[in-house]
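One structure below.
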Amino acid sequence: MTYHQHPRNNPIATPPLPVLKFVLLLVILISDPGSSAQAQTQYTSDGTPTALEEEIRWRVNRGRFDSARENQLRGTSYNDIPASTGPLSPHQSLATACRRHSEDMAKQNLFQHATVPGSAYYNPVTQPNPWDRMVAEGYAWSSAGENIAAGYGGAETAYVGWWNSTGHRVNMYGSGLREIGNGYFYWASSSYGRYYTMDLGSESSSCFFTDTVFCDRNGNGVYDAGEGVSGVAIWLKIGATTHNYYDVSGGVGSFAIPIQSIAAAASVTVLLSNTTVASLTVSIPTNYLNLQNVILAAGQVQDYGTFTKPSGKNNVGFRNVAPASPPMVLPPLQISFAGPDVLLRWPSQTSASYQPQWTSNFQTWNNLTPTALAGTGSNLTYLDATPSAPARFYRLRITQP
């Protein structure tokens, strides 16, 4: 267990028939979630990072995927870190320990790894070390490390400061460390103003599928504060069985799913589900440099791709996933009127099934057919005979095996 103190560098610093006043044409694509031998549980120990904290994690994880590219970006040639290793998974206990240590340092105007005298949270005599603070917050570490910094103006500069310091870089890129917490605190009257703590650790055999769901709105190819996308559920399937854990991206886009119970070499399918009532665009990294934009309609579930479960205790992220074939093109839903009746028509594919639905309030959707209609490769139709008030809005629910 080693940790290293960072030099105190300052920053560079969206006549008609009365019952059909409005018609909405919606199409959603649903992937069959498959069967499961047990109920699914949402993983919650990843907690709720702030945008700045998630920015730091995203930058570290990009570099961990390809340290040669990171060296190229930074104009460096460090060879004391792995060429590639799994992404770090967020953990609330580590984040809490970090936030509190940063607050203590700022308010006591000290800069040190040792628990600060006068700490509002920890006993400096009985809990003097970083790992003591981790344990106090409920983290049962098997290996651990810590980085601290002060004075830097934001996530990028703090990360680069650590990158350029041997001990901190080795901590951030250590393959034996699989979880991370970041904590930032600002105190105007302190010597350095901004204080950063990064705690790193591993708990027993725990390992994760983890990443950040975001939309690259400014087109710069990286995750920035304010770009996180919440409400995307991430599910894993092994064959026809849905994995017992899932997660939903939080306010800054972070998520984590334990995968240590999945057998080594198993092929794992990643499903993305939009749990919101609006269409979402997410930017998914495919390697160090490139992002793939995926559009998820409200309620849509999409098979994003597959990864092979590594042997040993290794984390996996989006960059380790082989994207699936491009999703089917969503068909246009055409509507025409035959007296008081409404005729729905759409092109179909033999690999999908189709369930026409209607709603009057966008909260409850009602099936128009008892079961989904199998695709034929040609147009399918459904006649909604003399629909009654109130006004009806229509959509298609499409299921792919």
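The values are calculated or read from the model by the stated rules, or taken from the named source; none is laboratory data. This is a predicted model, so every value here is computed, not measured. Cβ coordinates were reconstructed from backbone atoms using ideal geometry, including for glycine residues, and neighbour counts include every protein chain displayed. These area figures cover heavy atoms from the full protein model, side chains too; ligands, DNA and RNA do not enter into them. Shrake-Rupley method; radii C 1.70, N 1.55, O 1.52, S 1.80 Å.
Tabulated data for the structure shown
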read-out	value
Top-ranked residue in segment 265-281 [being part of a loop (DSSP other than H, G, I, E, B) and under 20 Å from residue 314 (Cα atoms); ranked as most open to solvent (accessible area, probe 1.4 Å)]	265
Answer residue from segment 375-385, given it is open to solvent by 50 Å² or more (accessible area, probe 1.4 Å) and in contact with a strand residue (DSSP E or B) (Cβ under 6 Å, 6 or more places away or on another chain) and is farthest from residue 331 (Cα to Cα) among those	385
Count of segment 232-241 residues which are open to solvent by 10 Å² or more (accessible area, probe 1.4 Å) and out of contact with any Leu (no Cβ under 7 Å at 6 or more places or on another chain)	4
Residue check, residue 217 of a type outside the set (Ser, Thr, Tyr), within 30 Å of residue 302 (Cβ to Cβ) and open to solvent by 20 Å² or more (accessible area, probe 1.4 Å)	yes
Selected residue (criterion: nearest to residue 182 (Cα to Cα)) from residues of segment 216-261 that are of a type in the set (Val, Ile, Thr) and part of a loop (DSSP other than H, G, I, E, B)	252
Filtered residues of segment 352-374 (kept if in a loop (DSSP other than H, G, I, E, B) and more than 18 Å from residue 332 (Cβ to Cβ))	360, 361, 362, 363, 364, 365, 369, 370, 371, 372
Candidate set from segment 282-318 (those that are of a type in the set (Gly, Ala, Ser) and in a loop (DSSP other than H, G, I, E, B)); member that is most open to solvent (accessible area, probe 1.4 Å)	311
